[in-house]
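As structure tokens, the structure follows; a few thoughts come after it.
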Amino acid sequence: MSFGALIAGIPWVAWNPVDPDFGSQVIEADMIGWLYYLKMAILAFFFVWFIFAKRPFCRVACPMGSDLGSVQSNQSVWKFKVAKDCSGCDICTKYCPMELKVKAEVDSENCIKCLDCNCL
């Protein structure tokens, strides 16, 4: 919903082209209603949330992520394990875009397998 509002909703309302067949504006003033403003509010909410957290949409609201998260960790070709010579410095946790405690949550359903941890 937010992505559609960003790439289609805002440009169409701002541009509001003239329909060549009818000679009138495509979007009339009364067509922009509560649903448009709801979409803009959701978009603004996520933009503000992006400032304070890493990947908030992916972690909380993405429907595809919630569906694939449980399947990915069980049936993935890549299986992560903490290296035997791991010193426990938690540098990998600092670089994790999902803010996981890598040593405890390695290969969990919330891991997106980005390979940014480098110590696995």
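Readers should treat all values here as calculations from the given coordinates under stated rules, not as data from a laboratory. Every value quoted in this text rests on a predicted model; they were computed, and no experiment measured them. Neighbour counts run over all protein chains shown; Cβ positions are idealised from the backbone, glycine included.
Quick look at the numbers
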{"item": "Debye equation applied to the C-alpha atoms of the chain, log10 I(q)/I(0) at 0.15 Å⁻¹", "result": "-0.79"}
{"item": "Dipole of the chain, positive end: most advanced residue of TYR95, VAL48, TRP15 [Cβ charges, Cα centre]", "result": "TYR95"}
{"item": "Across LYS54/LYS84; LYS39/LYS103; LYS39/LYS79; LYS54/LYS103; LYS39/LYS94, pairs whose alpha-carbon gap is larger than 31 Å", "result": "LYS39/LYS103; LYS39/LYS79; LYS39/LYS94"}
{"item": "Residue-by-residue Karplus 3J(HN,Hα) for the range 31-43, coefficients 6.51, -1.76, 1.60, Hz, glycine and proline x", "result": "7, 7, x, 5, 5, 4, 5, 5, 4, 5, 5, 5, 4"}
{"item": "Table column - 3J(HN,Hα) (Hz), the range 102-114, Karplus curve with 6.51, -1.76, 1.60, x for Gly and Pro", "result": "4, 5, 8, 10, 4, 6, 7, 5, 8, 6, 9, 6, 7"}
